[in-house]
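The values are calculated or read from the model by the stated rules, or taken from the named source; none is laboratory data. Being a predicted model, the structure only gives us computed values, none of them experimental. All Cβ positions, even for glycine, are placed from backbone atoms using ideal geometry, and neighbour counts span all protein chains on display. Surface areas here come from the heavy atoms of the whole protein model, side chains and all, with no ligands, DNA or RNA. Shrake-Rupley method; radii C 1.70, N 1.55, O 1.52, S 1.80 Å.
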Amino acid sequence: MTKKVWFWDLETLNIFTATFVDRDSDEIKKFVIADYKDEREKLFNFLDNEVLGLIGYNSLFFDAQIIEFLYRHPQATAKEIQNYAILITSDNNRRPDIPEWELKHNHLDLFRALSLSTKAKRVGLKWCEFMLDMDNIEDMPSQGEGNNWEEMVLSYNLNDVLSTKILHNKYYHEIELRKTLTNKEGVNLLNSTEPDMAKKLFLKYLSQAMNIPERDLRALQTQRNI
């Protein structure tokens, strides 16, 4: 089976949903974990056998961490997944439990790659949808609302994935810049904001000029509390 790159997004409510859209086609994959339905085995099989890479929005610190949680706790209920999601989003200064280089899949996080995670530019996906003048900007449905709750959540979930795809395609030049610099400099810059790219490249050049390994050079940094 040929592996592909997928746009993706998760919803962690009283049901868990995962939606994926193929980068190069309109193919869609959807998975649900709830009290009445459990498609986690299909989800794991898809992730292990059909995914070459994943493109999301704020996915490194959230969606990717949820998936890693599921790998560590393969029997977790939708409520336990939701509780973990609340835990990792309750503190803005919390570092991810699994760093990027240890994740099971290759990730592109547009929140960082487009520098939208910096304090000066920090915006959510809904604001991006508004600025892109999208026809359909959906609000999260109220939890448990109506008899078609699953359908409503999946619709919202899919809308966010399609928005991520549109955002990626519109600003693809930013992604190509990071790919080119990563290949040229030998430094992973794919998920780096503009300030972070500058820091990483400056560290590389300074390390070379001073003939000091980067790890040792970082240790010399002055710690400032204010």
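Whenever you get a sec, compute what percent of the accessible area on region 1-48 sits on carbon and sulfur atoms (1.4 Å probe).
Of all accessible area on region 1-48, carbon and sulfur atoms account for 43 percent.
Place a +1 charge on the Cβ of each Lys and Arg in the chain and a -1 charge on the Cβ of each Asp and Glu, then give the dipole magnitude about the Cα centre in debye, rounded to the nearest 20.
Here the chain has a charge dipole of around 1220 debye.
Let's see if you can work this out: charge +1 on each Lys and Arg Cβ, -1 on each Asp and Glu Cβ, no other charges. What is the dipole magnitude of region 172-215 about its Cα centre, in debye to the nearest 20?
160
Taking only Cα atoms and a 10 Å spring cutoff, compute GNM fluctuations for the chain and point out the largest among T12, T193, T180.
Residue with maximal mean-square fluctuation among T12, T193, T180: T180.
What pairs in K37/K104; K29/K119; K30/K126; K119/K165 have C-alpha atoms more than 28 Å from each other?
K29/K119
Per-residue ellipticity at 222 nm for the chain, helices alone: DSSP H runs ≥ 4 residues times -39500 (n - 2.57), over residue total, nearest 500 deg cm²/dmol?
Rounded to the nearest 500, the figure is -13500 deg cm²/dmol.
Given the Cα atoms of region 41-93, and with Rh set as the inverse mean 1/r over their pairs in the Kirkwood sense, what is Rg to Rh to two decimals?
0.99
For the chain, with the dipole built from +1 on Lys and Arg beta-carbon atoms and -1 on Asp and Glu ones, taken about the Cα centre, which of S192, M1, L47 lies farthest toward the positive end?
The one lying farthest along the dipole's positive direction is S192.
Contour minus end-to-end for N225 and M210, with contour as 0.36 nm per residue of separation and end-to-end as the Cα-Cα distance?
Roughly 2.7 nm would be gained on extension.
In whole percent, what relative contact order does region 1-94 give with Cα contacts below 8 Å and a gap of six or more residues?
Across region 1-94, relative contact order equals 32 percent.
Got a sec? Which residues in region 164-185 would a label at F130 touch, if it sits 7 Å along Cα→Cβ and we count backbone N under 18 Å?
Answer for this model: 164, 167.
Top mean-square fluctuation among Q75, Q208, Q65, Gaussian network model of the chain, C-alpha springs under 10 Å?
Among Q75, Q208, Q65, the largest mean-square fluctuation in the Gaussian network model of the chain belongs to Q208.
Can you give the accessible area per residue of the chain, in Å², using a 1.4 Å probe?
That works out to 58 Å² for each residue.
So if I restrict to the alpha-carbon atoms in region 1-111, what is the Rg, and what is Dmax, the biggest pairwise distance, in Å?
Cα-based Rg and Dmax for region 1-111 come out at 13.4, 40 Å.
How far apart, in nanometres, would the label points at R122 and D35 be if each is projected 7 angstrom from Cα along the Cα-to-Cβ direction?
If labels sit at R122 and D35, their model points lie 3.6 nm apart.
Of the DSSP beta bridges with both residues in the chain, give the percent that are antiparallel, rounding to the nearest 5.
Here the antiparallel bridges make up roughly 65 percent for the chain.
Pick from G53, G124, G186: which is most flexible by mean-square fluctuation in a GNM of the chain where alpha carbon atoms under 10 Å apart are linked?
It is G186.
Relative contact order for the chain: what is it in percent, counting Cα pairs under 8 Å that are at least 6 residues apart?
It rounds to 21 percent for the chain.
How about region 1-39: which GluC sites (Glu not before Pro) there are in a DSSP loop, with at most 15 other Cβ atoms within 10 Å of their Cβ?
Taking region 1-39 and a limit of 15 other Cβ atoms within 10 Å, the loop GluC sites (Glu not before Pro) found are E27.
For H105 and D196, what does the FRET efficiency come to when R0 = 30 Å and r is the distance between their Cβ atoms, rounded to the nearest 0.05?
0.90
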